[in-house]
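Step one of this worksheet: look at the structure below.
The values are calculated or read from the model by the stated rules, or taken from the named source; none is laboratory data. Every value quoted in this text rests on a predicted model; they were computed, and no experiment measured them. Using ideal geometry, Cβ is built from the backbone for each residue, glycine included, and neighbour counts are taken over all protein chains shown.
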Amino acid sequence: STMSAAEPIFSQGEDCKPGWTEADAQYNEADTHLAILGKPVMERWETPYMHELATAAASRGGRVLEIGFGMAIAATKIESFPIKEHWIIECNDGVFQRLQNWAKEQPHKVFCMTRIHCLKKPGTLTSLISSRLLKPGGVLTYCNLTSWGELLKTKYDNIEKMFQETQVPHLIQAGFKKEKITTTLLDIIPPEECKYYAFCKMITPTIVKD
């Protein structure tokens with residue numbers, strides 16, 4: 001790709017959703033990078049951070065839902081914990097095929113899904129992305145390295161301030177309580193050629209449902 005590290009990954013108003021499902025999942029030969037529609041999706045250097053997220057997600061055991069499979073970095077870590085079930089939603093066909101093959105080799109029951117509407121019963125999950133579906137005491141963790149990376153290049157030099165100002169209001173709007181939102185920081189040095197993230201820290205949110 002000729003995209004420079006300084007350019008935004010997505011142009012203003014760009015919508016990749018219509019073609020995302022059927023687009024090629026471009027894993028490089030060394031299996032260190034995944035791109036879809038020319039956009040970087042995941043890179044192997046993220047592993048320490050993905051493991052932090054996975055540890056938070058699996059911290060209550062039970063039934064865990066993961067949104068996006070990518071390179072199986074977080075998923076494999078989640079499988080190392082004493083959970084009951086592992087549900088994974090992946091909307092790209094090529095990545096989903098890799099997920100199905102991976103799932104056969106795992107120690108826990110893995111449910112592979114392509115859409116979140118497969119889950120309809122509220123209060124069934126210990127770890128999830130939506131307040132409505134989480135059990136009381138369940139935990140949410142998440143990241144958006146492309147958006148956060150852009151904010152940390154253009155608007156913020158403090159990652160905790162970025163999270164408080166751009167994320168916490170949406171979490172409260174989604175039904176979580178401010179006092180149940182905590183974060184931890186991870187020191188990391190992204191490779192210079194990384195197009196989407198250049199900041200020297202990453203943030204792991206842990207949000208607990210009342």
Quiz item: What pairs come up if the first residue lies in segment 68-86 and is closer than 16 Å to Pro48 by Cα and in contact (Cβ under 8 Å) with a residue 12 or more places away in the chain, the second is among the aromatic types (Phe, Trp, Tyr) and in a loop (DSSP other than H, G, I, E, B), and their beta carbons are under 8 Å apart, counting only those six or more places apart or on different chains?
Solution: Ala75/Phe69
Self-check item: Residue identified as in a loop (DSSP other than H, G, I, E, B), surrounded by 12 or more Cβ atoms within 10 Å (Cβ to Cβ), modelled with pLDDT of 95 or more and among the polar types (S, T, N, Q) among Gln106, Gln164
Solution: Gln106
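Mind checking which residues of segment 173-184 are in contact with a Lys or Arg (Cβ under 8 Å, 6 or more places away or on another chain) and surrounded by 13 or more Cβ atoms within 10 Å (Cβ to Cβ)?
Phe176, Lys180
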Practice problem: Please state which of the following conditions Ala58 fails to meet, knowing it meets all the rest: (1) of a type in the set (A, V, I, L, M, F, W, C); (2) at pLDDT 95 or above; (3) within 18 Å of Lys195 (Cβ to Cβ). | Solution: (3)
Quiz item: Within segment 163-194, which residues are hydroxyl-bearing (Ser, Thr, Tyr) and within 18 Å of Ala56 (Cα to Cα)?
Solution: Thr182, Thr183, Thr184
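From the list Leu99, Leu53, pick out the single residue that is out of contact with any Phe, Trp or Tyr (no Cβ under 6 Å at 6 or more places or on another chain) and surrounded by 14 or more Cβ atoms within 10 Å (Cβ to Cβ).
Only one candidate qualifies: Leu53.
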Exercise. Determine, yes or no, whether Leu125 is modelled with pLDDT under 95 and among the aliphatic types (A, V, I, L, M).
Key: yes
